[in-house]
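Data first, discussion second: the structure below is written as C-alpha cells.
Computed from the coordinates by the stated procedures, all read-outs in this text should not be read as laboratory data. Just so we're clear, the structure is a prediction, and the values are computed from it rather than from any experiment. Cβ coordinates were reconstructed from backbone atoms using ideal geometry, including for glycine residues, and neighbour counts include every protein chain displayed.
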Amino acid sequence: MGSNKKARVVLQFNEMDFRHRRALEILRQRPRSMSELVVSAILHYTSCPEVADEHSKEWIASTVKKIITEMISSGELQISAQTPAPETNGSSLAADDLAELGGVMGMFRTKG
C-alpha cells in the first residue's frame, strides 16, 4: 500500500513579473482546479511542437513582421518616408538608454 501523504509542491510567483501576475490571476479564479490546470498546462507546453521555436529570434521576428503587415493592411499603421539619420562616430543612445534596452532584451533570452 502507498503512503497516505499527498504529493505537494509549493510554487512561488514573482508579482513584479507581469506573466507571473497573470498566471496568479488565472489560478485564483479556479481555486478547486489549480492542480488540474497546472498539470494540463505543463503537459501541453512540453508536448507541443510549436513551443520549441517559441521566443526564438526567428519566431519573434516572424511574429513582429506578421503584426506589422496586418496593421498596415488594416490601416492602423501607416508608413511615412523618413530621411536617414545623420551618421555619428558613436552610439546615438545614452549609456542609461543602452542599459535599459539591454535589460528589456534580456527578457527574450532563454536560460539554460
### Task
Sticking with the crude label model, points 7 Å out along Cα→Cβ, report the distance from ILE79 to GLU36 in nm, one decimal please.
4.9 nm
### Estimated inter-spin distance, HIS44 and GLU15, nm [label 7 Å along Cα→Cβ]
2.7 nm
### Sites LEU24 and VAL64, calculated FRET efficiency, Cβ-Cβ separation with R0 30 Å, nearest 0.05
0.60
## Note on the structure
In order over the range 63-68: 3J(HN,Hα) from phi, Karplus 6.51/-1.76/1.60, θ = phi - 60°, whole Hz, x for each Gly or Pro, gives 5, 4, 4, 4, 5, 4
